[in-house]
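Here is the structure we will look at, set down as structure tokens.
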Amino acid sequence: MSYLLRRTGFYLLTAWIAITINFLLPRLIPGDPVMSLINRAQGQLSTQAIQSLYVLFGLNKDESIFVQYGHYWAQLLHGDLGLSFAFFPTPVASVIADSLPWTLALVGITTLASFLLGTALGVYAGWRRGSWLDLVIPVTTFLSSVPYFWLGLIAIALFAGVNGIFPSSGGYEPGLVPGWDPDFLLSAVQHSLLPAVTILLSSMSGWILSMRNMMVTVAAEDYVTVAHAKGLSERRVMVSYAARNALLPSVSGFALSLGLVVGGTLLVEIVFSYPGLGFELFQAVGAKDYPLMQGIFLIITLSVLAANFVADLAYLVLDPRTRREG
Amino acid sequence: MRLNAKTKIGLVLLAGFALFAVIGPWIAPYDPTERGGDMLQPPSAQHWFGTTHLGQDILSQVLTGTRGVLLVGFVAGVVATVLAVLVGIASGYLTGLAAEGLSAVSNVFLVIPALPLIIIVASTLPGTGDWTIALVIGLTSWAWGARVLRAQTLSLRRRDYVQAARATGEPTWRIIGFEILPNLTAVIASGFVGTVIFAVLSEITLAFIGVSDISDWNWGTILFWAQSQQALAQGAWWWFVPAGLAIALLGTALSLLNFGIDEFVSPRLRACAGTAKVRMRVGFTPVLRREGGPGE
Amino acid sequence: MSEIELEIKGLNVDYGLGEQSVHAVRDVDLTLRRGEVLGLAGESGSGKSTLAYGLTRLLPPPGVIRGGQVIYHPEQGEPFDVLGLSDRQLRAFRWAQTSIVFQGAMNSLNPVHKISTQLTDVLRAHEPGSTRAARLARARELLALVGIPADRLDSYPHQLSGGMRQRVMIGMALALRPKIVIMDEPTTALDVVVQRQILGQLVGLRERLGFSVLFITHDLSLLVEFSDRIAIMYGGRIVEQASAAGLHKDSLHPYSHGLLHSFPALRGPREELSGIPGSPPDLRSMPTGCAFHPRCPHSFDPCVRRVPELGAPQGRPEQDRSVACWLHPAS
């Protein structure tokens, strides 16, 4: 299992670097934007909250950077990400805890769906090269050149609004209380449909193109010719010889594309005022709420790392060569 | 090198954008920030793309914004490509801890979601003009190119002629400059175009969510105002459609260019000549008898 | 031994269509007899592999068959043209009648499936009624046939050595007891010792199971040793055809002669290797007349102008020999 160990080590390293970037950024850049925020909120902040922001943003100039780094880690490990200014005086951690499930549900499900759907379409487009399926290329090229959020705007203009079928903003009908009751769930699904389709359309094109190209490459491999020579059915050759192998780079590429896809989907949330991390990030940017921005960056990075780890596990199952003598 | 149709279309579109980037501010019929009497008007003879809530001419905003978009895209592309070439070739050609470290760092930057990173870096900076944004994007988006170049360099390094050059004691800079770099041209070019696409989308996003300086016109700024003034709710489609189409067109032009480069590098992706009538199928070679015997 | 198994008539194969197309195989006539090993030799680019893959329409794009017939003679029933079969018929024909052992020992096996899966899926496709247990038993038998222990069924290709993989491929080729086994450079990637082991084993299997072999290689010395008859290809055409012994003793075409003297014979007296000057012709711009004339030490006037036809040479009483060379015009 040296493969998994290596990957785990790599993710720990990445997490450490992301956290350290977060630590260093406010300390490297001149000016103390957070100081002015603290000054403005004077009187409403408890000493403990001020102390926490001092640790996060390095306002304690007397301490050496190493001591600051130690305090920083200690505070993070306690789950203290400071106070949000956009949602004053809610702690960043609880703002994130409220919005994370929305993003996980929306982005998680649509990303998975877009990967599966895009890969399947790519398999067909690559296998039936020269047929009408080649038309997917110009369409997907166009879709992948459009920013996700703009497609979202168009979707709202076309399908939502006063006489539209879908709600144009929010995560559920105002007035409902989030919970596991049918009214709320139905409303949540209805609200997430349009953003989900937007994300699906924009992110699918990448998977289609890469899978199609891999299929074209793999179709020329000897073992595919052997499969044809064996007189296997077209389906069998396509699925378990060509696609099965073409899938491998796609799965290992999943990890790398995930960061991009997540970035794009955060923006879709903004357009739809969807109560997830992207929308919070947007509000944090507008309010210059640095603690919230940094907290969201950390959480997104850690979630992407976790998703990557899952993709690695999938790869391990799919490619026998990585399972070699552990 | 013969250019295929895709590459040609891409180049022509790109040349058009470059032209507008240069002359855009001069041929714009109005000052993009100047307020006018016609507020929130749909497209008309006076205002081809309509007007904003302040009566600003949207066509002028799009034309003026082209320069910023292209400038940021290309500067970021150049910065990222230079970094990618340096890191990619060094980690592919050299051996030992330094090379391993460089490769690990580029993998780390690949996995960290780029857009949130760019947002927190850009919003921490005191000023966010075009050049700052271009630098931030360039400095954070080199990792993909570096990874591809490293893989290519690793395989080139094992080629006979490189081994021979090393054996005869040619200095490393000469081998890299004369044996390795020329063979990476296409990969570098395609990486550059890819980075420009990414940079354009990122800068527009940054402007859209209000991280960039909103006094610089760029297509994202137009969308920022459209969004913040509820253009959608007011049915002002002309406010966000032109800028979005311009982005899509620029992105498509760059993607077409990259397809051309990809097909040049890996011939398997090239469509075969004359496939219009006969579909080439893997596993079932077409039989086209000239004499017209019993066949397909 | 002289019954006909497979007859290739006037086969033409191009790469690409229209003006840019390249003629890789030109007007090839070749007959494979029941139970024999027919060797097909030539330099790379001579069209020998194209011919072999063209037979059962396995050429990758942009390959196109532009003419000719491949007539298969079943033991019972009427002969038929393989190129005229429908997709469905062709699928049923493939592997059941003609199987192929491919060039690359490394890439012929699907890296993500176990050996057992790859041996049994072909059985399942052709004998849909068989049970899983029966198929596994047959797979075990096939491995035993090529001398691989049955516990290797659960291995993945990357866990086997190159020689073992090629043996698996040979075992797989025999899965449906085909009448014809096409071998395309089956042992080139292996070292000489393993190469000989495998070929020896194959000859033994042929004697037991009675299939015929079309053996393609650039190594003429291997053919002289392991085949009954040999056909030599150059520039997409067959230039000489003779019994292995006959060709070894006395090659008529200057190209065959050159080819015979470019490989060291493993047995027999030492000889000086001469090789052939020049390089194989560019299929895009073939020389006029005999394609070999620019490299031929004996080229004379007619060689440049007209293509010599393949036929029995004048003044050679021995049967079963044909050559396409102006030095030995057809009778």
TODO: Please give the direction-averaged projected area of the C-alpha convex hull for segment A:63-202, in square nanometres with one decimal.
DONE: 14.2 nm²
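Quick one: order C:Glu19, A:Glu234 from most to least accessible surface, probe 1.4 Å.
Ranked list, largest accessible area first: C:Glu19, A:Glu234.
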Task: DSSP-defined beta bridges in chain C - what % are antiparallel, rounded to 5 - done: 60 percent
Task: Computed [θ] at 222 nm, helices only, for chain B once each DSSP H run of length n ≥ 4 contributes -39500 (n - 2.57) - done: -21500 deg cm²/dmol
Task: chain A - percent relative contact order, Cα under 8 Å, separation 6 or more - done: 26 percent
TODO: Stick to the Cα atoms of the protein assembly as shown, pair each with every other, and give me the Kirkwood hydrodynamic radius in Å at one decimal.
DONE: 32.3 Å
Task: Carbon + sulfur, % of accessible area of chain B - ligands and nucleic acids excluded, 1.4 Å - done: 65 percent
Open item on the list: Taking the Cα centroid of segment C:1-37 and of segment C:179-245, what is the distance between the two, rounded to the nearest whole Å?
Closed with: 17 Å
Task: Buried area at the B-A interface (accessible, heavy atoms, 1.4 Å probe, summed, Å²) - done: 4600 Å²
Task: C-alpha long axis of helix A:136-145 to longest principal axis of chain A, angle in ° - done: 10 degrees
Open item on the list: Between segment B:112-179 and segment C:143-161, what is the separation of their alpha carbon centroids in Å?
Closed with: 44 Å
Task: Given charges at beta-carbon only (K, R positive; D, E negative), |dipole| of segment A:93-323 in Debye - done: 900 debye
- [ ] For C:Leu327, enumerate residues with amide H under 5 Å from its amide H, sequence gap 5+ or separate chain, H modeled in the peptide plane.
- [x] none
Task: For C:166-173, mean number of other protein chain Cβ atoms within 10 Å - done: 1
TODO: For the A and C pair, go ahead and give the buried accessible area with a 1.4 Å probe, both sides summed, in Å² to 100.
DONE: 2100 Å²
Task: List of segment B:191-215 residues, accessible area with partners at least 20 Å² below that of the chain alone (1.4 Å probe) - done: B:Phe198, B:Leu201, B:Thr205, B:Phe208, B:Ile209
TODO: Can you tell me which of C:25-33, B:218-226, B:45-53, A:8-16 comes out highest on packing, and rank the rest after it, using the mean Cβ neighbours within 10 Å?
DONE: B:218-226, C:25-33, B:45-53, A:8-16
Task: Candidates C:Glu141, C:Glu225, C:Glu78: whichever shows maximal mean-square fluctuation once chain C is modelled as a Gaussian network with Cα springs under 10 Å - done: C:Glu78
Task: Heavy-atom accessible area ranking, 1.4 Å probe, most first, across C:Lys48, C:Lys9 - done: C:Lys9, C:Lys48
Task: Global form of chain B, assessed from the alpha-carbon gyration tensor, a/c cut-off 1.5 - done: oblate
TODO: Name the long-range amide H neighbours of B:Tyr30: under 5 Å, sequence gap of 5 or more, or other chain; modelled H, no Pro or chain starts.
DONE: B:Ser60
Open item on the list: Looking at chain A as a GNM with Cα springs under 10 Å, which of A:Ile156, A:Ile96, A:Ile21 has the largest mean-square fluctuation?
Closed with: A:Ile21
- [ ] Give C:Lys48/C:Lys179; C:Lys48/C:Lys249; B:Lys6/C:Lys48; C:Lys114/C:Lys179 a once-over and call out the pairs whose C-alpha atoms are over 25 Å from each other.
- [x] B:Lys6/C:Lys48; C:Lys114/C:Lys179
TODO: At 10 °C and 1.306 mPa s, grab the translational diffusion coefficient of segment A:2-77 from Stokes-Einstein with a Kirkwood Rh over Cα pairs, rounded to a whole number in µm² per second.
DONE: 113 µm²/s
TODO: Sticking with the crude label model, points 7 Å out along Cα→Cβ, report the distance from A:Leu185 to C:Gln197 in nm, one decimal please.
DONE: 6.3 nm
TODO: Give a residue-ordered list of calculated ³J(HN,Hα) values for segment A:91-100 (Karplus: 6.51 cos²θ - 1.76 cosθ + 1.60, θ = phi - 60°; whole Hz; x for Gly, Pro).
DONE: x, 3, 4, 7, 4, 5, 4, 6, 9, 4
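Roughly how many percent of the accessible protein surface of chain A is carbon and sulfur, given a 1.4 Å probe and a whole-percent answer?
69 percent
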TODO: Compute the acute angle (0 to 90°) between the alpha-carbon long axis of helix B:130-140 and the principal axis of greatest extent of the alpha-carbon atoms of chain B; round to the nearest 10°.
DONE: 30 degrees
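For peptide C:54-60, compute the average count of partner chain beta-carbon atoms within 10 Å of each residue's beta-carbon. Mind dumping the intermediate values first?
Working: counts 2, 1, 6, 8, 8, 7, 12.
Mean inter-chain Cβ contacts per residue within 10 Å come to 6.
What is the average number of partner chain Cβ atoms found within 10 Å of a Cβ in B:124-133?
Shielding by partners across B:124-133 averages 2.
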Task: Over segment C:103-177, relative contact order from alpha-carbon pairs under 8 Å, at least 6 apart, % - done: 45 percent
TODO: Before rounding to the nearest 500, sum -39500 (n - 2.57) across all DSSP H runs of length at least 4 in chain C and divide by the residue total; then give [θ] at 222 nm in deg cm²/dmol.
DONE: -8500 deg cm²/dmol
TODO: Report, for the protein assembly as shown, the % of DSSP beta bridges that are antiparallel, rounded to 5.
DONE: 60 percent
Open item on the list: Quick check for you: with a 1.4 Å probe and neighbouring chains kept, what is the accessible area per residue of segment A:2-77, in Å²?
Closed with: 56 Å²
- [ ] For segment C:162-177, take each phi angle, set θ = phi - 60°, evaluate the Karplus expression 6.51 cos²θ - 1.76 cosθ + 1.60, and give the result in whole Hz per residue in order, putting x for glycine and proline.
- [x] x, x, 5, 4, 5, 5, 4, 5, 5, x, 4, 4, 8, 3, 9, 6
- [ ] Would you work out which of A:Val123, A:Phe272, A:Ile154 lies farthest towards the positive end of the dipole of segment A:93-323? Charges go on Cβ: Lys and Arg +1, Asp and Glu -1.
- [x] A:Val123
Open item on the list: Could you put C:Met286, B:Met39, A:Met215 in order of accessible surface area, largest first, with the 1.4 Å probe and the full protein assembly present?
Closed with: B:Met39, C:Met286, A:Met215
TODO: Would you mind getting the accessible area per residue of segment A:93-323, heavy atoms of the protein chains only, 1.4 Å probe, in Å²?
DONE: 37 Å²
Open item on the list: With a 1.4 Å probe and all protein chains left in place, how much accessible area per residue does chain C have, in Å²?
Closed with: 43 Å²
Open item on the list: Relative contact order of segment A:2-77, please, whole-number percent, based on alpha carbon pairs below 8 angstrom and at least 6 residues apart.
Closed with: 29 percent
Open item on the list: Output wanted: per-residue J couplings in Hz (rounded whole) for segment C:289-301, from phi through Karplus 6.51 cos²θ - 1.76 cosθ + 1.60, θ = phi - 60°, x for Gly and Pro.
Closed with: x, 5, 4, 8, 4, x, 9, 7, x, 10, 4, 9, 2
- [ ] Could you work out how far the C-alpha centroid of segment A:230-245 sits from that of segment A:154-204, in angstrom?
- [x] 40 Å
Task: Share of carbon and sulfur in the accessible heavy-atom surface of segment C:103-177 [1.4 Å probe, %] - done: 48 percent
Open item on the list: Tell me the accessible surface of A:Asp80 in square angstrom (1.4 angstrom probe, heavy atoms of protein chains only), to the nearest ten.
Closed with: 50 Å²
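The values are calculated or read from the model by the stated rules, or taken from the named source; none is laboratory data. Keep in mind that what you see is a predicted model, and the values were worked out from it rather than measured. Backbone-built Cβ (ideal geometry, glycine too); neighbour counts: all protein chains shown. What goes into the accessible areas is simple: the full protein's heavy atoms, side chains included, and nothing from ligands, DNA or RNA. Shrake-Rupley method; radii C 1.70, N 1.55, O 1.52, S 1.80 Å.
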